[in-house]
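Please treat every number below as a calculation from the coordinates, not as lab data. Worth saying up front: this structure is predicted, and the values here are computed from it rather than measured. We place every Cβ from the backbone using ideal geometry, glycine too, and count neighbours over all the protein chains shown.
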Amino acid sequence: MSPSALSASTAASPSALPPPASSPGVRRSPSPPARSPARPLIPTVPAAAGGGPGTFGPTGPGPLNGKVVAIDPGHNGRNYADPSYINQQVFNGREPEACDTTGTQTDSGYTESEFNFNVAQYLTADLRDEGATVVLTRTSDDGVGPCVTDRAAIGNNAHASAAVSIHADGGPTGGRGFAILEPVADGPNDAIIGRSQTLGTDLRNAFASGTGEPVSSYDGTDGIQARDDLGGTNLSTVPKVFVECANMRNAADAALVVSSAWQARAALAIANGLTTFLSG
Ligand SMILES: [Zn+2]
């Protein structure tokens, strides 16, 4: 998403829809069309200063009234441009970890950071429509960071009822599927392990039924993998998991992740899993 596209969008409503950056030939229609399954346009929120975190209130009443959900689109579109910042070591609750990484990409060069950001935008619109307030860890895809420690802190400071980090994997080319990454107790996150496991199960079930994507053939068991090396969950004090939506290095999955329709479907599945979790 280009800076001009985001800064030009002053409306928080999904009805103001600039075209996705990956479709430069798509012109903005004078009267914005409704989202269609054939070519859904990505609903955007206004970018905060510098593309940093932002908080967006509900757009409708629904089952998530009064809930705060933290959504973390993994990586950032210009992380590659500032290695000294991205490679700085931060303490992730258990050990040193890089501030962030660039993420992966498909063979055709479609980046994970753009995929993550697009899914997060659809998801934000879905959750706001259901009555939730959404806290995003970044509001553009043309910045650097924030560090994984800050991504955890943003959800913690918002006292979110749930937090989800959106990713896609760079796994073996012969493997495909999605996985939920769940926290392992390390001190700071001790109190959220059980609820995070429930969140993970709800998201695993919703993602499988909502997308038809198989559980990962190489990561975890039945789509669930415990991880003790991620600052985003090691330092979380609110229930949190990562969703690795697909394997960008696999040809079948790569064909899905570049599709706006599939990004919207993945987001809706995650929204449904969050609604199940937050209604329980
Ligand atoms: Zn990632």
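Filter the range 199-258 for residues that are in contact (Cβ under 8 Å) with a residue 60 or more places away in the chain, assigned to a loop (DSSP other than H, G, I, E, B) and touching a Leu at 6+ places or on another chain (Cβ under 9 Å) and give the result. If the condition is that a residue be in contact (Cβ under 8 Å) with a residue 60 or more places away in the chain, assigned to a loop (DSSP other than H, G, I, E, B) and touching a Leu at 6+ places or on another chain (Cβ under 9 Å), then L230, P239 are the ones that fit. With respect to being closer than 22 Å to R265 by Cβ and either surrounded by fewer than 24 Cβ atoms within 10 Å (Cβ to Cβ) or within 16 Å of the ligand (Cβ to nearest atom) (or both), A168 fits the description. Filtering V68, V144, V90, V135 for residues that are out of contact with any helix residue (DSSP H, G or I) (no Cβ under 8 Å at 6 or more places or on another chain) and over 24 Å from S216 (Cβ atoms) leaves a single hit, V68. The numbered conditions (1) surrounded by fewer than 17 Cβ atoms within 10 Å (Cβ to Cβ); (2) in a helix (DSSP H, G or I) are all true for T55 except (2). Of the listed requirements (1) crowded, with 24+ Cβ neighbours inside 10 Å; (2) in a helix (DSSP H, G or I); (3) not aromatic (F, W, Y), T139 misses just one: (2). Of all residues in the range 66-111, exactly one satisfies the criterion of being more than 16 Å from the ligand (Cβ to nearest atom), assigned to a strand (DSSP E or B) and small (G, A, S), namely A70. Residue check: I154 meets all listed conditions (1) over 27 Å from A252 (Cα atoms); (2) free of Cβ contacts under 8 Å to residues at least 60 places away in the same chain but one, namely (2). T201 fulfils the conditions (1) of a type outside the set (A, V, I, L, M, F, W, C); (2) closer than 26 Å to P53 by Cα; (3) more than 16 Å from the ligand (Cβ to nearest atom) except for a single criterion, (2). Just one of the listed residues (G131, G174, G145) is within 16 Å of the ligand (Cβ to nearest atom), assigned to a loop (DSSP other than H, G, I, E, B) and not hydrophobic (A, V, I, L, M, F, W, C), and it is G145.
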